[in-house]
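The values are calculated or read from the model by the stated rules, or taken from the named source; none is laboratory data. Worth saying up front: this structure is predicted, and the values here are computed from it rather than measured. Positions of Cβ are backbone-derived with ideal geometry, glycine not excepted, and every protein chain shown enters the neighbour counts. These accessible areas exclude ligands, DNA and RNA; they are computed on the full protein's heavy atoms, side chains included. Shrake-Rupley method; radii C 1.70, N 1.55, O 1.52, S 1.80 Å.
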Amino acid sequence: MSTENRETLYVKVRDLAGNDFVCPLDELRDPNSISDAEMENCVEDAVVGRYAGRLKIVDPVH
């Protein structure tokens, strides 16, 4: 049995109030327009803080 060892990619997003979040890219349909349900999988950017070096954060595709 082969187990795929894939790294999770994250993307920084901003809500309508201007707050920054970090979200798993594969959980989002469109990183430029995120639903409330999708935001449940995100973490506030300030909370990620010291762990950010462990996350692979990519730019969203425009």
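Below is a table of values for the structure above.
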| read-out | value |
| --- | --- |
| Where a residue in segment 10-33 is free of Cβ contacts under 8 Å to residues at least 12 places away in the same chain and its partner, wherever it lies, is open to solvent by less than 90 Å² (accessible area, probe 1.4 Å), with Cβ under 8 Å and at least six apart | Arg14/Asp20; Arg14/Phe21; Arg29/Ser35; Arg29/Glu38 |
| Tally, over segment 1-16, of residues that are of a type in the set (A, V, I, L, M, F, W, C) and either modelled with pLDDT under 85 or open to solvent by 60 Å² or more (accessible area, probe 1.4 Å) (or both) | 3 |
| Hits in segment 17-53 (condition: buried (at least 16 other Cβ atoms within 10 Å of the Cβ) and in a loop (DSSP other than H, G, I, E, B)) | Leu28, Pro31, Ile34, Cys42 |
| Close pairs from segment 41-54: first at pLDDT below 85, partner open to solvent by less than 100 Å² (accessible area, probe 1.4 Å) and not in a helix (DSSP H, G or I), Cβ under 7 Å, at least 6 apart | Val48/Val22; Val48/Leu55 |
